[in-house]
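Below is one structure, written out as structure tokens; comments come after it.
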């Protein structure tokens, strides 16, 4: 499944906002990502045309199964890396920013190995 990093970021933002607020609108995404409303509108149109999201008449955005799958995959990576970086002593803000930078580029195989290592050697120490 080929999708641009920016689209992954938008889908991840939708998922994160949905978890926090329940309902997602374009303005929520613009505020979350600090993007213009026009940029978000264009991105939502492309995501809708490609079958990743749907928009209700009232402007509510929902992830469709393909979009949700991508969002959950990226968000899982983000959370794993951010937790790991904090464990390494990185401050929360920097950990979140750095996790966002690297969550997209890894293959599924490499991420699975990184995740296994984090869970086995790093996070197991927290329990």
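Looking at 32, 8 in this structure, which one is touching a helix residue (DSSP H, G or I) at 6+ places or on another chain (Cβ under 8 Å), surrounded by 13 or more Cβ atoms within 10 Å (Cβ to Cβ) and either touching a residue at least 60 places away in the same chain (Cβ under 8 Å) or assigned by TED's automatic domain parsing to the domain that holds residue 77 (or both)? Explain how you work it out, then say what you get.
On the way: 32 fails: either touching a residue at least 60 places away in the same chain (Cβ under 8 Å) or assigned by TED's automatic domain parsing to the domain that holds residue 77 (or both).
Result of the check over 32, 8: 8.
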ask   = When you look at residue 101, is it under 16 Å from residue 5 (Cα atoms) and in a helix (DSSP H, G or I), yes or no?
value = yes
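Among the residues of the range 86-101, which ones are surrounded by 14 or more Cβ atoms within 10 Å (Cβ to Cβ), farther than 17 Å from residue 11 by Cβ and modelled with pLDDT of 90 or more?
86, 90, 95, 96, 98
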note = Of 72, 76, the only residue that is touching a residue at least 40 places away in the same chain (Cβ under 8 Å), surrounded by fewer than 18 Cβ atoms within 10 Å (Cβ to Cβ) and part of a helix (DSSP H, G or I) is 72
Checklist (1) out of contact with any strand residue (DSSP E or B) (no Cβ under 7 Å at 6 or more places or on another chain); (2) in a helix (DSSP H, G or I); (3) outside the structural domain of residue 118 (by TED's automatic domain parsing) applied to residue 58, failing item = (2)
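Against the definition (in contact (Cβ under 8 Å) with a residue 40 or more places away in the chain and surrounded by 12 or more Cβ atoms within 10 Å (Cβ to Cβ)), how does residue 83 come out, yes or no?
Working: in contact (Cβ under 8 Å) with a residue 40 or more places away in the chain: yes; surrounded by 12 or more Cβ atoms within 10 Å (Cβ to Cβ): yes.
So residue 83 fits the description; yes.
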key: Subset of the range 26-55 (residues that are over 16 Å from residue 67 (Cβ atoms) and assigned to a loop (DSSP other than H, G, I, E, B))   = 34, 35, 36
Whichever residue in the range 105-127 is assigned to a loop (DSSP other than H, G, I, E, B) and modelled with pLDDT of 85 or more and, among such residues, is surrounded by the fewest Cβ atoms within 10 Å (Cβ to Cβ) = 107
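The values are calculated or read from the model by the stated rules, or taken from the named source; none is laboratory data. All values reported here derive from a predicted model rather than from experimental measurement. For neighbour counting, all protein chains shown are included, and Cβ atoms are generated from backbone atoms with ideal geometry for every residue, glycine included.
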